[in-house]
Every structure is written in structure tokens, then in C-alpha cells.
Amino acid sequence: MMRLSYSSFAILVWLPGILNAQGTPELCSAPTLLNGYLVPMKNSYQQHEKITYACENGYKPAVEGWWAESVCRNGQWSPHPLCIENSACTPPIITNVKFKEDSKSWYKNGSKKWVTCNEGFSTKDFHATALCVNGNWTDVPVCEKSKDACTEPPEIAYAVIINQEHQEVFPGDSEVTYQCKDDYVTEEGAKNKSIFCIAGNWTESPTCIYSPESKDGNTKPAFVPVENCGEFPIVQNGLVEKSEPLALRVKCQHYYKLYGPEKVVCYNSNKWSAIPTCKANYCSVNTNAYLDLIPAGVKFMTNGEIVELECKNLFYFTNYRVVWCKNGKATVSRCCNRLQISTQSC
């Protein structure tokens, strides 16, 4: 009994020391900052305490801006305060690159940065390196959607995509699987159907059709020949045609996008399944409204498209206005030459 009591006492004496050591965050010592100065200046700093620093003439922080902050975390400064020469570059900001966390905090003047795009993206014009010149990046690569990649798979009524997180771009040869909700099946009578991204387009997507289970557990077809529903539905800015005895196919006109199921079937109640719509998917620019453009009437482009409109011969080099079409709104640049466009300085 006495031996057990001594052991218990030893554990009680030893344990608080461990708890105290684990519960006390490490302090940060004052950082060494060459060619710069910081506030407040102290011998040590508490957990989560911040400092602000700036650099002497000819130098700049190794982050964007002429001043920067650093935070004490577990005995280390994050990010570590650092002043670099004005001619050096901080990491370039490029979207859709494979490694967003840069391994280097800064680059010397004259350094090159190789860019690897995310899956489904490729460098524009096969240009994959940026050059640090006097504190700025030139010829910064652009990661754009690959020609063989697909945008997000089409939305299907009464279905979800399973085992796949949402993403805006899918690499070529990607596969996604739809699953119909309860009491709905595909035209083949299955619950699931996969589609594939081939050469920039998805293969034919499924249609989920109402088909409740019978008492014996078997599913019974709930659709009949399309003629049973009478006149074919009218889809504005779309074309409706019979693709097979039990289904109609809806296609949208150019510059319009399909929303809803591509296929329409006739239920055994002689009612049509969900009818899709064709919504505008374009921008337009009237070249006659710009005095410096060569008049060519109204130009149309689809969402996500970038086009160049030639300017009048008022410059030494041929110039263009660059037009970006996004969500039905066209953004038009000023007249720029090829060098300005390629360096994104337009």
C-alpha cells in the first residue's frame, strides 16, 4: 500500500510540469533584419504578436508592398521578415498553376520561373517561363483551358454527380458518374450512368425518368412513344427533333446554351418530361461604335471567348482591341500592339 502511495505522489508531482510545458506557447526572439527596420522593437514577443517592418532605400520587403507584417507562431516568425534588392522579384501571381505555394520567397534579377499548369490547362502559345527584370516579371505565362479539356458536366434534372468534387475544368478523358434520385432511372433502366470528356466535349448525358418500383421490386418503364404526348414542345432559340421512338432531342442555336435535360420523353400519363431552355451565352460588340476600330458591324462571341478586333491604321504597328466575353458582358481594351497584348500590359 505504501509503495502505491509513493507512486501516486510522484505522478502528481511530475504531471503538472508536463501540462505546464505543453500549455505554454514558445516566445519569438527579435528577428534579424538586414537593410530594414521594424516596430515594435523588443527582446521577445508573445504568441500571435505582430511586428511591422519596412526596408531601407534600394530595398523592399520580400512580399508585395513597401511595408509588411510578420506574426509570431510557435517560436517562429511567419513569414520571416526579409528585405531584398529593389531589382529582385517576389513570386509571380499566376492562376491555374499546379503549385500555388511557391518554394522560393523571392527571385534575383534575371531569374526565370518555369510554370506548370493545373490539369486541364495549358500555357498559351506554349510559353511557360517568366523573366524577372528589375523587380518586375515580364512575359508572364498564361494558363488557359486546354482544347481537349471540358467545362463542368451539364446539369441533369433529378440527378447528381457522385464521388467527384465540383471543379470548373476537367482534363481530357475524365469520367464522371450521374446517379438518379429515388424513383428515377436512366433510359436504360439503371440508377447510374457515366459520361466522358472527349476532345473538349462530354459524351451524351443521361436523362433521369420517373419510374416507381412495383410491388415485386422491379422497375416498370414509365414512358411511351413521343407521339402519345401530341405536338412537340417549343423551345425558344432551340431545335426540337425526334432522336428515337421514345425520346426527343433539344439543341440550342449558336450562341445559346442548353439548361436542363437534352432529352425529353413522354410519360405514360401523356405528359412531357422536363423541358429545357436555351439561354443567351454570348456577348456582342458593335465595331461601328468605336472610332478607332475598322468598322465591321456587330461581332458576336461566346462566354469565355477572347477575340481581337483590328484598329484603324493610326499607329506604326497594327493594333487591336482585345475583347473578353464573360457572363454576357464584353470588356473591351484600348488599341494595343502585339507586344503589349502578349505582356498583358494592354
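Values in this text are rule-based calculations from the coordinates and carry no lab data. Bear in mind the structure is a predicted one, so any value in this text is a computation, not a measurement. Cβ sites come from the backbone with ideal geometry, for glycine too, and all protein chains shown count toward neighbours.
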If I take all pairs of Cα atoms in the range 51-129, what percentage of them are more than 19 Å from each other? 48
Which longest uninterrupted range of the chain lacks any GluC sites (Glu not before Pro) assigned by DSSP to a loop state (not H, G, I, E or B) and surrounded by at most 16 other Cβ atoms within 10 Å? 232-304
Between the helical axis of 2-23 and the dominant principal axis of the chain, each derived from Cα atoms, what acute angle in degrees is found, rounded to the nearest 10? 80
Which net charge results when you count Lys and Arg as +1 and Asp and Glu as -1 among the other residues whose beta-carbon is under 15 Å from that of Ala159? -4
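Taking the Kirkwood radius as the inverse of the mean 1/r across Cα pairs, report the Rg/Rh of the range 222-280. Mind dumping the intermediate values first?
Working: Rg = 11.2 Å, Rh = 11.4 Å.
The Rg/Rh ratio comes out at 0.98.
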Size of charge dipole - the chain - debye, nearest 20, with Cβ of Lys, Arg +1 and Asp, Glu -1, no other charges: 760
Which value, in debye to the nearest 20, describes the size of the charge dipole of the range 19-85 about its Cα centre when Lys and Arg Cβ atoms bear +1, Asp and Glu Cβ atoms bear -1, and nothing else is charged? 140
To the nearest 20 debye, the range 222-280 has a Cα-centred charge dipole, built from +1 on Lys and Arg Cβ and -1 on Asp and Glu Cβ, of 240
Treat the range 93-151 as a sphere of radius equal to its Kirkwood radius over Cα pairs and apply Stokes-Einstein at 4 °C in a medium of 1.567 mPa s; give the translational diffusion coefficient in µm²/s, rounded to a whole number. 107
Helix-derived [θ] at 222 nm for the chain: sum -39500 (n - 2.57) over DSSP H runs of at least 4, divide by residue count, nearest 500? -2500 deg cm²/dmol
Quick one: which residues, 5+ away or cross-chain, put their amide H under 5 Å from the amide H of Glu305? H built at 1.01 Å from N. Cys325
Ratio of the range 30-78's C-alpha Rg to 2.2 N^0.38 Å, to two decimals? 1.12
State the volume of the convex hull built on the alpha-carbon positions of the chain, expressed per residue in Å³ and rounded to an integer. 262
Rounded if a/c is under 1.5, else prolate if a/b is larger than b/c, else oblate: which is the range 282-342, with a ≥ b ≥ c the root eigenvalues of its Cα gyration tensor? oblate
Ignoring chymotrypsin sites (Phe, Trp or Tyr not before Pro) buried by more than 14 other Cβ within 10 Å or outside DSSP loops, the longest site-free run in the chain is 100-314
Quick one: length gained pulling Ala128 to Glu165 fully straight, 0.36 nm per residue minus the C-alpha distance? 10.5 nm
Spelling it out for Ala330: with amide H atoms placed in the peptide plane at 1.01 Å from N, the residues 5 or more places away or on another chain with amide H under 5 Å from its amide H are Ser284
How much length would be gained if the chain were fully extended between Glu231 and Asn268, taking 0.36 nm per residue of separation minus their Cα-Cα distance, in nm to one decimal? 11.8 nm
Between Gln76 and Asn313, what FRET efficiency comes out of the Förster formula 1/(1 + (r/R0)^6) with R0 = 56 Å and r the beta carbon distance, rounded to 0.05? 0.40
Lysines within cross-link reach of Lys112: Cα-Cα under 23 Å, excluding same-chain residues under 8 positions apart? Lys60, Lys98, Lys100, Lys104, Lys124
